[in-house]
Amino acid sequence: MHKRPRTVLLVVLLLSVAVSLAGCGAPQGQIDLSKPNGVWEIFVFAIAQALKSLNYAIHSLGIPNSYGWAIIIFTIAIKLVTLPLTLKQLQSSKATQELQPKLAELQQKHGRDRQKLSEEQMKLYKEAGMNPLGGCLPMLIQMPILFALYQALYALANPSVGELKGQAFFWIPDLSFPDLKTGTSWMSTAFNSQDFGMLAAYISLPVIMIVTQIILQKMSTPAPAPGQTKADDQQRMMGQMMMFTPIMFGYITLGLPSGLALYWSVSNILSIIQQYSITGWGSLVTWLPALKLGRSVAAVETTDAIPPTAPLTKPRRRRRHKQHAEDGSTS
């Protein structure tokens, strides 16, 4: 039971993201960022204005690719604001990893009785003071930000605003491309015209987003316990979703402004750093055993680096005790 509600919630979130990013609710027509219509547009236009101000500040310093840097700074700011929630999520993930041996024992003991297994798992979580769904809270908080940023980028790219159109970032020619009307049709057009440079430029960020998302999700999954050799049905299903969802979102971002893919990629990289600092590599070591080996070697080197003066204290103490004994016998 502890994994099923989380799985259902994750599926609902993913579907809502897919529907929302497919073009629903994106601002179109004439747009005036100073005149939002409704509470949601106040939020969206506030993000657009923040990006606009960041761009002007960076551009005034003579820094090229200013809108790309504005998106990156905005991403870092969002990470700092949501840091308390993220720390709670990571601590919950770390606690789950620490419970893995006990969960593996329950799996072996009650593997055939699914109801009893779920009851014992929930009891174990309760004794540890953990909420299995607690790790979903940061995701729920960040989803509206992702939707709002998506719409804010479209607002900035709107001809009536004229902010993001044509703004490059290193090898990305235009952070507002592709637009809502173009979608993913640009790929077939570029392929037919043999414009492989364009294909490489606009596919690169979605690929980076997919790779970093898979790494992050693998790190977020607890490493298998020493006695656990076979995953249960729910774990296999979660593993399949872990591979499917980044690919799905990667395909979606191919039809979205490149600025959103930039935000998503940078956010993933920052999350990877946060995840490693709290829980380590997680189950990523099952794909890359060298990570586990490297950590073990580092631990051995740390142990070997202890100053050799420590073990020399024992002989010195023995000599002192011997001297005291001789002095006592003399007296």
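Worth pointing out:
- Amide N of the range 262-286 lying under 15 Å from the label point, which is placed 7 angstrom from the Cα of Gln91 along Cα→Cβ: 278-279
- This ranking places Phe147, Phe191 by how few other beta-carbon atoms lie within 10 Å of each, fewest first, which gives Phe191, Phe147.
- Length available on full extension from Ala104 to Met143: 0.36 nm per residue minus the Cα-Cα distance, which gives 10.8 nm.
- Here the Karplus relation 6.51 cos²θ - 1.76 cosθ + 1.60, evaluated at θ = phi - 60°, turns the backbone of the range 32-45 into coupling constants of 10, 5, 8, 10, x, 10, x, 5, 5, 5, 4, 5, 5, 5 Hz, with x for every Gly and Pro.
- Full-stretch length increase - Lys35, Ile203 - with 0.36 nm per residue and alpha-carbon distance subtracted: 57.0 nm
- Taking other C-beta atoms within 10 Å as the exposure proxy, Ser271, Ser60 rank Ser60, Ser271 from fewest upward.
- Amide H contacts for Gly166 (H built 1.01 Å from N in the peptide plane; partners 5 or more residues away or on another chain; cut-off under 5 Å): Leu175, Ser176.
FYI, it's all coordinate maths here, none of it is from the lab. Treat the numbers as computed from the prediction; the structure is a model and nothing was measured. Here Cβ is always computed from backbone atoms with ideal geometry, including for glycine, and neighbour counts include all displayed protein chains.
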